[in-house]
Amino acid sequence: MGEETTSLGGIHVSPNAVATIAYHATLQSYGVVGLAPKNLADGIVSTITREPSRGISVQYKEDEIHIDIHVIVEYGTRINSVAESVANTVRFHVEKALGLKVNTVNVHVAGLRISNTD
Amino acid sequence: MAIDTARVEKLRKRTIDGQAFKRLVEAGVTWLRTNQQIVNALNVFPVPDGDTGTNMSLTLQAAWNEIKDSGTHHFGEMAAAFSKGALMGARGNSGVITSQILRGFSRGVHDQKTLTLDAFVKGLNEARDTAYKGVVKPVEGTILTVIKETANGAEAARGSVKDAVELLEMALKAADEAVKNTPEQLPILKQAGVVDSGGKGLFFFLEGMLRHVYGESLETPTMQVQALSAMSLEGALEDVEEGQDYEIVVDFVPNGELDLQGFYAKLEEMGTSIQVGEGEGMYRMHIHVPTENRYVPIDYIMGIGTVTKVAIENLMAQMDDIQKSKSTQIQFGTVEPGNIAVVVVSPGTGISRIFASLGVAAVVAGGQTMNPSTQDILSSFENMPTDKVIILPNNKNIVMAANQAKDVTVKNVQVVPTRTVPQGLAAMLSFDPGGEVAAVAERMLKAMSNVQTGEITVATRSVEIDGVTVKDGQVIALLDGKLVASSDTVEHGLFALLEKAGASEHEIVTLFFGENMTHAEANRFADAVRGKYSNLEVEVQEGGQPHYQFILSIE
């Protein structure tokens, strides 16, 4: 996937390009305050990164596109709703830009940021 | 409706405690719910957060449920409880932002026994700051901008106002202006010719509070002049009230500018189900009135303009006809215990009938503009003598509700995410009641992609999407949900659609005609299609769906 064949030749979209679209879509989603480096996602996340490829992994498996996103969510929002809207927004923007179907978008909430306590 | 000045004066002097706050937010929640379809209609097609009005309304409803039995008089405590309810019930993007706004507000006022003007301003400022903290890249021209301008407006007005009512008026004025300005900030809104939906929702919530203060009705949707072509007068029949026996429709050209507020106020005295449409200087007014008042609206309108056409219909007689046609029951498939039952969402009686003939066990009414709730779907299968259920939502906006029904029930439910009626029918053809639920659902999912879906409908506003320019009132053609053509006649739209679908390489086309078309008319269109594509087998079926002249299944 990520490839299209036209009469003039093929078009290949690299996973990194997809990750960039996903990155911008994620940061525009309400409730997301940052992305977490995926290799640290299992442990304690201390850094908040702003580089596209970190925190987002895009995989092509045969004809399928799978996107994994590791996010930091604002404390005090309903995490379920935020994650759902991240998945929807990312899918929407990637599909719109690529014209290809995204098979799965997994959102991993790697941590919460507390900016205010009630 | 006029403002009740005596009431406003009384309320101005009243201190705002927890109970007063409760009444205010109840009004806000009610008013948003009343207008939620208006907010939904503002969604820019296609966006990820489907029904903003519904999501916001449900979020605030959940917040309201949290406080509705609370007896506390402490303002801060009541605000905190309201905010907690919103957090727990937040639905969709707009719902999450709303919950953050309320959380900020409640933090700003948490120590207030009664609301002071300073605390009001502080609460709004905290609401603004908290809302902005929730996102890395805030987009202006959205609900965020509206809460920002509302807070700024209230702060600027603080020095010159005497009481909370005045402050609320100023805040609402700022909100209104911010909403109107959103198309200038966000190009996609301008392109679609709408204001931001979330911002408008927030505006309605605040406006409901002020309407409560003014003593104005919260049950009738806000006056709204729609495009003439978008008036759905047929739908108005469904909400006929007792005693409102006559339907009056008057076309007229007003003398000079029409004073809409006064016009509505006058009409509200006469009857119910008021709708006003406008097109090129001509207005159409629709109202339901009691028998003795049937000439009153006509006389009134003659006084303010030139009447060009009048239609009077006896609603009671029409209702009898509708009852008669409804009485022809649909025979659904019976469910054997242990077998799989299929539940479908259907937009029209004709389509329901076809589904029933394919062995569907139950139908939930719903479609493009009336999405059934999770509860509606749930109750359709809860009492069935089997725990294996497959749901076909047949509309992209209903897939989520179907999935929620799946989540809350104990039954073994699979949702086959059909986005259109033809997909649903195609899926139904490979249904096997005796199989394993997951395996059967898998097969149905495969089958649904064998069909292309076309839709012919009328545009309700001017817009440009995917390079197709559409004028309000034009016929538009959609192929698998994407806008592919616009034209001035249904026939041309149909041909353009078939060409885009590559009809010359297909075999069967089924036309499901809508509720406003007769079988004979539909047959004429079918003949035209047969004349152009000799390779196609064209079938005509009664669909009965509203809004869409045709739904096409192309195989």
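What the table shows:
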quantity	calculated
Elements of type strands (runs of 3 or more DSSP E) contained in the range B:328-402, each with 2 or more residues being over 23 Å from B:GLU442 (Cβ atoms)	B:362-365
Only one of B:VAL484, B:VAL437, B:VAL468 that is closer than 28 Å to B:ALA341 by Cβ and either free of Cβ contacts under 8 Å to residues at least 24 places away in the same chain or in contact with a strand residue (DSSP E or B) (Cβ under 6 Å, 6 or more places away or on another chain) (or both)	B:VAL437
Restricting the range B:176-203 to residues that are crowded, with 20+ Cβ neighbours inside 10 Å, in a helix (DSSP H, G or I) and not aliphatic (A, V, I, L, M), the residue that is farthest from the chain's Cα centre (by Cα)	B:THR182
Some residue of the range B:393-412 being at positive phi and at pLDDT 85 or above	yes
Sole exception among (1) assigned to a helix (DSSP H, G or I); (2) more than 10 Å from chain B (Cβ to nearest Cβ); (3) modelled with pLDDT of 90 or more for A:ALA87, by number	(2)
Which numbered condition B:LEU124 misses (of (1) more than 9 Å from chain A (Cβ to nearest Cβ); (2) assigned to a helix (DSSP H, G or I); (3) at pLDDT below 95)	(3)
Of all residues making up the range A:63-84, the number that are more than 7 Å from chain B (Cβ to nearest Cβ) and either within 10 Å of A:ASN106 (Cβ to Cβ) or outside any helix (DSSP H, G or I) (or both)	13
Residues being out of contact with any Ser or Thr (no Cβ under 7 Å at 6 or more places or on another chain) and not aromatic (Phe, Trp, Tyr) - total across the range B:329-339	5
Residue satisfying all of: in the range A:90-118; within 11 Å of chain B (Cβ to nearest Cβ), hydrophobic (A, V, I, L, M, F, W, C) and over 11 Å from the mean Cα position of the chain (by Cα); farthest from A:TYR23 (Cα to Cα) among these	A:ILE114
Given (1) more than 14 Å from chain A (Cβ to nearest Cβ); (2) assigned to a helix (DSSP H, G or I), index of the condition B:LEU42 fails	(2)
Test: B:GLU140 is of a type in the set (Asp, Glu), modelled with pLDDT of 90 or more and buried (at least 19 other Cβ atoms within 10 Å of the Cβ)	no
Among (1) buried (at least 17 other Cβ atoms within 10 Å of the Cβ); (2) more than 10 Å from chain B (Cβ to nearest Cβ); (3) modelled with pLDDT of 90 or more - the single one A:THR49 does not satisfy	(3)
Options B:HIS506, B:HIS547, B:HIS519; residue that is more than 34 Å from the chain's Cα centre (by Cα) and touching a residue at least 12 places away in the same chain (Cβ under 8 Å)	B:HIS506
Top-ranked residue in the range B:70-115 [being within 11 Å of chain A (Cβ to nearest Cβ) and part of a loop (DSSP other than H, G, I, E, B); ranked as farthest from B:VAL165 (Cα to Cα)]	B:ARG91
Criterion violated by B:LYS446 - all others in (1) in a strand (DSSP E or B); (2) among the charged types (D, E, K, R); (3) exposed (fewer than 15 other Cβ atoms within 10 Å of the Cβ) satisfied	(1)
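For (1) modelled with pLDDT of 85 or more; (2) within 13 Å of B:ALA477 (Cα to Cα); (3) among the small types (Gly, Ala, Ser); (4) out of contact with any Phe, Trp or Tyr (no Cβ under 8 Å at 6 or more places or on another chain), each residue gets a yes or a no:
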{"site": "B:ALA501", "(1), (2), (3), (4)": "yes, yes, yes, yes"}
{"site": "B:GLU505", "(1), (2), (3), (4)": "no, no, no, yes"}
{"site": "B:PHE512", "(1), (2), (3), (4)": "yes, no, no, no"}
{"site": "B:ARG530", "(1), (2), (3), (4)": "yes, no, no, yes"}
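The values are calculated or read from the model by the stated rules, or taken from the named source; none is laboratory data. As the structure is a computational prediction, the values presented were derived from the model and not from experiment. Glycine gets a Cβ as well: all are built from the backbone with ideal geometry, and neighbour counts include every protein chain shown.
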